[in-house]
Amino acid sequence: MRHHDLVFLKRFSLVIAALFGVMVVLILLGLFLNSRKPIEPNPIAEARTAERIRPLGAVYAGETGAAAAAAAAAAAAQAAAAGGAPYGGTLDGAVIYQNLCSACHATGAGGAPAPTAAAWAPRIAKGLETLMKHAIEGYQGESGIMPARGGNARLTDEQVRASVEYMVKKYQ
Ligand code: HEC
């Protein structure tokens, strides 16, 4: 009986040892196969990394650079058009007049009509739409040159209209 147990134990330990060996081999095989597998990049992590290591001030060079610079300029122009109108984009004709038009129109400098009702009456007689058009596109009259948009090309049509309306009311 005792001998029997001994034999069983011996064989059983052999089986255990063999299974242990198989386990070690499988682990090593797994490690080996895993090390040969190409690392798959995670697109989200890559995008985050690219964003983190992106240069602060982009430098455009060469031909592709020129295209990138043009694209950046177009984007900037669009941003300016969206919210970059001068004087905070105000449509208050008085503010625009004070900051821009008055340089000539408050005194009549450079041939601008004098700031009087008498000087403005013949202008107003041309009709508001004509005055708007001349203020937006610029106008060369007998007395001088009215620069387009008062010389500030970034002024929107609405802003020029507001300042013309203000001036016409002021001097009529
Ligand atoms: C650099 C000087 C200057 C500035 C700045 C200026 N103007 Fe003038 N403007 C003139 C002169 C000069 C004339 C007269 C041109 C003429 O009839 O010979 C004129 C004429 C006008 C007229 C009359 C046009 C017509 O058909 O008779 C209007 C309207 C006008 N300006 C609006 C404006 C507005 C609005 C602004 C500001 C956004 C402005 N101007 C800024 C010089 C200026």
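The values are calculated or read from the model by the stated rules, or taken from the named source; none is laboratory data. Keep in mind that this is a model prediction, so the values were computed, not measured. Positions of Cβ are backbone-derived with ideal geometry, glycine not excepted, and every protein chain shown enters the neighbour counts. Remember, those area values only see protein heavy atoms, side chains included, never the ligands or the DNA or RNA. Shrake-Rupley method; radii C 1.70, N 1.55, O 1.52, S 1.80 Å.
The number of residues in segment 32-57 being of a type in the set (A, V, I, L, M, F, W, C), in a helix (DSSP H, G or I) and surrounded by fewer than 10 Cβ atoms within 10 Å (Cβ to Cβ) comes to 5.
When residues in segment 147-172 are screened for being closer than 15 Å to Ser102 by Cα, aliphatic (A, V, I, L, M) and open to solvent by 50 Å² or more (accessible area, probe 1.4 Å), 0 of them pass. Would you say Gly89 is away from the ligand (no atom under 11 Å from the Cβ), farther than 19 Å from Gln172 by Cα and touching a Ser or Thr at 6+ places or on another chain (Cβ under 8 Å)? Judged against the criteria, Gly89 is a match. A Cβ distance below 6 Å, combined with a sequence gap of six or more or placement on separate chains, defines the contacts here; from segment 132-156, residues that are of a type in the set (Gly, Ala, Ser) and outside any loop (DSSP other than H, G, I, E, B) reach residues that are open to solvent by less than 30 Å² (accessible area, probe 1.4 Å) and more than 8 Å from the ligand (Cβ to nearest atom) in the pairs Ala148/Gly138. Could you list, in sequence order, all residues of segment 83-131 that are polar (S, T, N, Q) and in a loop (DSSP other than H, G, I, E, B)? Thr90, Thr107, Thr116, listed by residue number.
When segment 137-172 is examined, which residues are found to be more than 9 Å from the ligand (Cβ to nearest atom) and of a type in the set (A, V, I, L, M, F, W, C)? Residues satisfying the conditions are Ala148, Ala153.
Considering only residues in segment 105-131 that are among the hydrophobic types (A, V, I, L, M, F, W, C) and touching a residue at least 40 places away in the same chain (Cβ under 8 Å), the one that is most open to solvent (accessible area, probe 1.4 Å) turns out to be Leu128.
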